[in-house]
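Visitor: Quick one: this structure, given as structure tokens, is what I'll be asking you about.
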Amino acid sequence: MFKKELLFWNVDTQFDFMSELGKLYVSGSEEILPLLKRLTSLAKENCIQVVNTADYHFPDSKELSDTPDFINTFPPHCMADSLGANYMAETQPEEPQVIPWDKVYSIEEIKKLTSFRNLVVLKDVFDVFEGNPNTQRLVKSLAPQKVFVYGVTTNVCVDSAVCGLAEQNIQVFVIEDAIKELPNIPLPFEKWDALGVKRIQFDDIDTYL
Ligand SMILES: [Zn+2]
């Protein structure tokens, strides 16, 4: 029932990053909201599964600091059970199956999860493969050939997701006009090119579906 070879990967499109009222607002990120909405609809219309990743921190998280350097440490954001951890309306997953980072799922449980269209993977660090012990096995079980990545931020969590996926022999596409970066951190484009990651525009996505 799903297009098993395709997977959309929605990175951290949460209130604290994307709203001007958010705790770690990424300047200009609201500009990509219309395309995020279209990606959410496109996945639904085409029965494409979506892995939605989400920062979900407790106060002792190692990336949080009261004196943040905005490179390795950041002020408290996307705190567990806070409104700031919610997705923006444009990417709100329908009937989400939430996979917390503090529980290790069995292979059978992971298999069961992959029968749902929207999976939400919570994480406590930038890298979703490091920050949730279930991510690797979830991707293996979904076994996509092509993954389309979008969200925030280009040079932190999008970068970790893109590299983690590309290293598993999956063709990774980044929707260039549906990502947004943080200032003062180098951009990862050369590294992505070296990994064979394709950067495409939203308008061209039909060519690859
Ligand atoms: Zn975070």
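Visitor: Filter region 130-175 down to the residues that are of a type in the set (Gly, Ala, Ser) and over 13 Å from the mean Cα position of the chain (by Cα), then identify the one that is surrounded by the most Cβ atoms within 10 Å (Cβ to Cβ).
Guide: Taking the candidates together, the pick is Ala166.
Visitor: Name the residues in region 86-115 that are touching a residue at least 40 places away in the same chain (Cβ under 8 Å), open to solvent by 40 Å² or more (accessible area, probe 1.4 Å) and outside any helix (DSSP H, G or I), would you?
Guide: Asn86, Gln92, Glu94, Pro96, Trp101, listed by residue number.
Visitor: Which of the following residues is in contact (Cβ under 8 Å) with a residue 12 or more places away in the chain, of a type outside the set (Ser, Thr, Tyr) and open to solvent by 80 Å² or more (accessible area, probe 1.4 Å): Glu31, Glu20?
Guide: None of the others qualify; the one that does is Glu31.
Visitor: Something else: Here are some conditions: (1) assigned to a loop (DSSP other than H, G, I, E, B); (2) farther than 18 Å from Asp206 by Cα. Ala54 meets all but one. Which one does it not meet?
Guide: Unmet for Ala54, out of (1) assigned to a loop (DSSP other than H, G, I, E, B); (2) farther than 18 Å from Asp206 by Cα: (1).
Visitor: If you don't mind, another one. Kindly indicate whether Ala178 is within 11 Å of the chain's Cα centre (by Cα), open to solvent by less than 60 Å² (accessible area, probe 1.4 Å) and among the aliphatic types (A, V, I, L, M).
Guide: So Ala178 does not fit the description; no.
Visitor: Within region 1-29, track down each residue that is in a strand (DSSP E or B) and either aromatic (Phe, Trp, Tyr) or away from the ligand (no atom under 12 Å from the Cβ) (or both).
Guide: Leu6, Leu7, Phe8, Trp9, Asn10
Visitor: May I ask you to verify whether Glu190 is surrounded by fewer than 17 Cβ atoms within 10 Å (Cβ to Cβ), of a type in the set (D, E, K, R) and not in a helix (DSSP H, G or I)?
Guide: For Glu190, the condition - surrounded by fewer than 17 Cβ atoms within 10 Å (Cβ to Cβ), of a type in the set (D, E, K, R) and not in a helix (DSSP H, G or I) - is not met.
Visitor: Here's a follow-up. Tell me, yes or no, whether region 37-45 has at least one residue that is open to solvent by 40 Å² or more (accessible area, probe 1.4 Å) and not in a helix (DSSP H, G or I).
Guide: no
Visitor: Can I ask one more? Considering region 104-129 alone, what residues qualify as being within 12 Å of the chain's Cα centre (by Cα) and within 16 Å of the ligand (Cβ to nearest atom)?
Guide: Selection gives Val120, Val121, Leu122, Lys123, Phe126, Asp127, Val128, Phe129.
Visitor: Which residues, counting only those in region 34-70, are among the small types (Gly, Ala, Ser) and either within 15 Å of the ligand (Cβ to nearest atom) or in contact (Cβ under 8 Å) with a residue 60 or more places away in the chain (or both)?
Guide: Ala43, Ala54, Ser61, Ser65
Visitor: On to the next question. Just the residues that are assigned to a strand (DSSP E or B) and β-branched (Val, Ile, Thr), please, taken from region 193-209.
Guide: Result: Ile200, single match.
Visitor: Identify all residues within region 71-101 that are hydrophobic (A, V, I, L, M, F, W, C), within 12 Å of the ligand (Cβ to nearest atom) and out of contact with any helix residue (DSSP H, G or I) (no Cβ under 8 Å at 6 or more places or on another chain); write none if there are none.
Guide: Phe74, Ala80, listed by residue number.
The values are calculated or read from the model by the stated rules, or taken from the named source; none is laboratory data. The model shown is predicted, which means the values in this text are computed figures rather than measured ones. All Cβ positions, even for glycine, are placed from backbone atoms using ideal geometry, and neighbour counts span all protein chains on display. The area values use the complete protein model at the heavy-atom level, side chains included, leaving out ligands, DNA and RNA. Shrake-Rupley method; radii C 1.70, N 1.55, O 1.52, S 1.80 Å.
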